[in-house]
Structures are given as structure tokens and as C-alpha cells.
1. As I understand it, the value is the acute angle between the Cα axis of helix B:281-290 and the longest principal axis of the Cα atoms of chain B; what does it come to in degrees, rounded to 10?
2. To test your reading of the geometry: what angle, between 0 and 90 degrees and rounded to tens, separates the Cα axis of helix B:2-31 from the longest principal axis of chain B?
3. Once phi is turned into ³J(HN,Hα) by the Karplus curve 6.51 cos²θ - 1.76 cosθ + 1.60 with θ = phi - 60°, what whole-Hz value does each residue of the range B:118-129 show in order, with x for glycine and proline?
4. List the residues whose amide H sits under 5 Å from the amide H of B:L84, counting only those 5 or more places along or on another chain, with H placed 1.01 Å from N in the peptide plane.
5. Run the simple label-point estimate for A:L39 and B:E37 please: 7 Å along Cα→C-beta, distance reported in nm.
6. Give me a comma-separated list of calculated 3J(HN,Hα) values for the range A:241-253, in order, Karplus coefficients 6.51, -1.76, 1.60 applied at θ = phi - 60°, integers in Hz, x for any Gly or Pro.
7. Given the pairs A:K23/A:K203; A:K64/A:K246; A:K246/B:K187, which span a C-alpha to C-alpha distance of over 27 angstrom in this model?
8. Working out 0.36 nm times the residue gap between B:R81 and B:A188, then minus their Cα-Cα distance, what length gain in nm do you get to one decimal?
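Computed from the coordinates by the stated procedures, all read-outs in this text should not be read as laboratory data. Everything quoted here is computed from the prediction, not taken from an experiment. All Cβ positions, glycine included, derive from the backbone under ideal geometry; neighbour counts span all protein chains shown.
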Amino acid sequence: MSRQNVILQIARRGGSLFSLGKKLWQHPKGRVGLILVGLLVLVAVLAPVLAPYDPYDVTQRAEKGLRPSLQHPLGTSITTGQDILSMLIYGSRVSLMIGVSTGIAIAFLGALMGVMAGYVGGVVDNLIMRVVDVLLVIPTLPLIIVLTNLLGRSYFVIVLVFVAFGWTGLARVIRSLVLVLKNSNYVKAAELAGASRWYIMTKHILPGTSHLIIMNTTLTCAGIMVAEAGLSFLGLGDPTAISWGKMLAEAQGGGALLFGAWWWILAPGVGIFLAVFSFMRIGIVMEEVFNPRMKASSSIYKLFKHLNNDYLDEVFQSMEDEANAEPAEQPNGSNPPMAEGAHD
Amino acid sequence: MKRSYVIKRILYALFIFFIVLTLNFFIPRIGVRDPAERYYPPQGAMSEIEYDIIKQFTRAQYGFDVSTFQQYIRYLRGLTRFDLGTSLRPGSPKVTELIGQRLPWTLVLSVSTLLISLVTGLLFGTLAAWKRGRWQDTTLLNASTISVALPAFFIALMLSFYLGFELELFPAYTNPNMVADFDWSWKAIQVVLNNAALPIMSMALGGIVGYSQTTRNSVIAVTNEDFVITARAKGLSHRTVLYKHVLRNAMLPLATSIGMSISGLIGGAIIIERVFNWQGMGTLFLEANSTNDYPLMMGIMLFLSAFAILANLVTELFYVILDPRVTVGDKR
């Protein structure tokens, strides 16, 4: 069985969202991830109910710099006496909102660009891949800083900028997959039957890439959460909201390090860690579910590449190479689609 | 032909650079129509004439005194002389001058981080691959999962808290006089090393884990190749096979990931530099941002992009030269 057939099989294995959730739940690591994400969502939604104090209340002079106790389970800040637990609970809203909304938007844009580049090909493909090349060399964080300076520091702008520069990785992966799917028999059959391009793209190609999109989205959410925390830490997030990155910046600025207020730093850090960790877990387990031949450790390795916008690139490159090497196995030998790899 | 391939790649890199520099010119201009009105709105007690003078001065400072097309031509002509424009700081220093002052300090951090994480990563990665499935390997796997989810600046804060303030091993903030007092004496170098310890540690942690994983996977992939099995069958010792056959070939993917990290070498330290107030390119950029110093910001951006393009190009060409198995897309 050739590698190409394996990809096609994996592509068809996607199934419904429900069956995917079931598979994740059956996987012990996946269950941990799902429970953590569920808790995170619950905390974010019920923040006003769960938070014991008003996190925006900066007038508690008598409560400044309290260590963790029964009244304040995670202590209070040194400068203004805000309750850390309440801030932590409210901060989950920002992380979750930015992470998930950016992830979903990137999924749409990346899938659209990838499918167009892969299926339509020609000038469209060339144009999209040149844009990707340009976006890849522009340093992302400085550019985001410039754009937030220009367009304002609302979360809408931040999400917009993240999406504008985050779709390249997904688009490349989807493009590679579409180049394989394009030559599969069922797409060929649809073409012969006279189906329109749009119909084939939405009915035949897109479903084949859905599992990859879902998996990539969870990993993107995790990556964006880290990036958002960094932006907020630099003081570039929305100035009116409480976020974990901003809590860390305030802690450092307020002298938490100097006065030994470890609880003020540890709480938001652990918050970021757990949120990112749980999304990553789900993404990694999803990859194992879709492709049992892939070992957990190699997907971690790819996660590093994902953070560099090169996620899964290598796998597909090797698959393309192999497919190139054995053109006899292709259903239509005259038109090897993988010849135009990422390095054309 | 390899030569035509090389020329093609260089031309393509130049093409990308041209697009990037054009974008770099137009990006600040989408948000700012008139810097005078944006940054110096008219104030109550100011007469029309006074405000006109301020307006003209501000426009000249930002280079908005001629039409956009003329500005673009001026920008291109400046670039041919390696002139990235003039900063808005008092004394109007050249952007290239400011970059030149700060670049060495960022390189101190990033190059030593790269070296440390590379050497350590090679060691750990080879160990994990050699002991595949045993505790060394699983530890690396768990460390990877954890380190990806931990932002580097949080690690930096914790290190600064524990090693800097609690144990007082290293300075928790960079000595503000370090840059001014530096005179290549042994004592000054010691001060720099001491101050750089925590920033390097917090950046190297993620790097070590990353390179370990790359090395591990690459070594395992090579171990399964036929020539390694042949070498074993010939009766060569484990050690010889590891050094002479496995590691040499396993280095290739590592070379690519080094190339990738080199392009992020200068710009990647922004947040860590901020945590420790290290006077490098990152803090320069943030200073420029907080004073709306667009010429400086865009100058740094262009410099970083050019560096990334160059690093990518070199990696790509290096890879073709290094690995004889790589074909360059020529049908013959």
C-alpha cells in the first residue's frame, strides 16, 4: 500500500464531530485534555458567579499583599489589593476568547487559501504561495506591535492581525493534502461527471481535509494563547480587560519579584500553562487518533515546528517525495500533481 | 545544474525582499495620513501660525513633506546607500547607527542561547534516541510537552524571582551601566556574562528541548536506514556506528532547524529583553513603539526581514551543497 493511499484513508477516517469526540474521550490523555478545556470554558462563562471578589476593585488598601489564605485562596496583589483568584478567573475569558476565535478564523482562511492553491492551481496557487513566502520572512511579533500601534489596541484588532499572519502554516499543509486528494479516483469521477469546480471543492475536497483542519485549529488555539499572553505582557493587549499576560506584567511592574509575592506570578503562569497544555493535549491525541502510525513524540516535535509556522510540512514533503519516486502507483501517471512541491 | 539553481534562488530572494521593503514603506502609511494631526493635535492656546509651524516640522520629521510617490523614491534611494532613515529621537540619530549600537547586545544573548541549546540538545537527543522507550526518552517527551506550554517570559520571571532575588546568584535585572561601562576588560566581560546568565537560561530552556527532539527523531530515522544496518553487520562497534554513520547523517535536518532559528535570532528576544531590561534590539523596538518613532520601528523591521531572507537563502543553498541526495528540480 503506497503512502498516498494511506493519506486517502486517513482523510476518509475523519467521520462526524460526534464520533471524533467519542474517540477523544476514550483516549486517556484525550480525556484529560477534554476535561481541562471543559473546566476552562465553564470558568470563563461563569466568571461573575465563581469569582469571590470584584477583580476590578482597586480600593482595598487594608488587603494589600496578603499571602494565600482562606479569605483569599490565591492571595492579593501588593499594589492595589486585588484578589488574585478573581483576576485569574476573569483572565481565562480573554485567553479563551482570543485563542478560540482566532483559531476558528484561521481555520476558515487557511482552509480556503489551501484548497484554492491546491485545487485551482496555476496563477492562483502561485500568488497564494508567494504571499505565504512574504509573510514567512516578516518578523511576526514586531509587525503585530506596529499594527496594534497603528490600528489601536482592541481585541478585535489583535485577532484580526493574528489571523492575517497566522493562516500560512495551515494553508501550506492543506495545499499539500489537496494536491494528493485532487488525483484520487472519486474526485476524478466527479470531474468526469461534470461537477463544477466549486462543487468539487466544497463537497469532495474540503471534507477530506476536515480532520486536519480541526486538529490544526486546536493547536493554533494553544499557540495563539501563548502569543496573546506575550502581547499582553508587553502591555499591548486591550488596556481595559484583565488577562493573564497583563497580570504577569503588573506583577513584575508592581514589584512582586522584589517583595517575594510569588503567588502573584505563579497564578497567571499556571493559568496560561494549563490552558495551553489542555488544548495541545487534544490536538496531539487527535493526531494519534487520525493517524495511529504516528507516535506521540514525533507529534511533539512537529508541535515545535507548528510554533514556527512549519507544522506538518516535513511529513507532507516526504510523502510528496515518495509519491514522486513511484509515479507508477498513481491512477493517472501523466499528471503527477506532487511534482510542484513546496520548493518549486 | 546546481549553478542555475543558485542564481534562481538568489533572484527569488531579491524579489521577496523588494516586496517586503515596499510593504514596509506602505504599512505605516495605511494608519497615519498626517503625523502632525495624529500625534500633535492643536491645543487650546495655540494660534494658527504656531500650529502651522509645528505641523510643517512634524511632517518633515516623519518625511511626510512631499507626495507619497516622492517619499517612496527617496526611501528607495536611501536604501541603496544602506540608509534606513532618521530616528525621531533628540539629536536625530541615524536608524542604522542605533541598530549598530544595539545589535551586538542582542547577539550576545541569542548566539550564546543558540550554541548552548544546540550542544545540549545534541547530547540529550542522541541519548534519548539511543535509549529509546526508556526513562531518558520519556523524560524528554514530558519535558517537551511542558516546555511548549510554558511561555518563555514566565520561565524568565520565575528564574528572576528564584535565582535572582531569593538565592541572589545572578542579577535579576540588567545592570543599567553595563553597556556604557563596557571596555573589553576582563572585568567588564564578567559583568556581561553575569547579567546575561538569566536571560540566556530562560531562552535556552525551550531551545534545548526543541533541539533534543529534532536530534532524537532524526537519529532514530537514520538508525533505521540500510547503511546503518550494513555497518552493524560488518561488525563495527556501537560507538563507531554512532559517530561515523548515524550522527553525521542525522545532522542534516538539524542544519535546517538551525537555519530557521537563525532568522528569528534577532527579533525573537523582544519579550525576554523586556523582562530583564536588556538593552538590545528588542528594547530598542519597544522604546520606538512607545514614542511612535516610526522611522526607527520600520527600519528595525526591514533589517529583521532582510536578515530572515538572507538566513533562509543561505540555509537552502547550504542544504543543497551539504546533502548530495537533494535534487534541485532539474529533470535531467
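1. For helix B:281-290, the angle is close to 30 degrees.
2. 40
3. 5, 5, 5, x, 4, 4, 4, x, 5, 4, 5, 5
4. B:V95, B:T96
5. Output for this residue pair reads 5.3 nm.
6. 9, 9, 10, 5, x, 5, 4, 5, 5, 5, 5, 5, x
7. A:K246/B:K187
8. 35.1 nm
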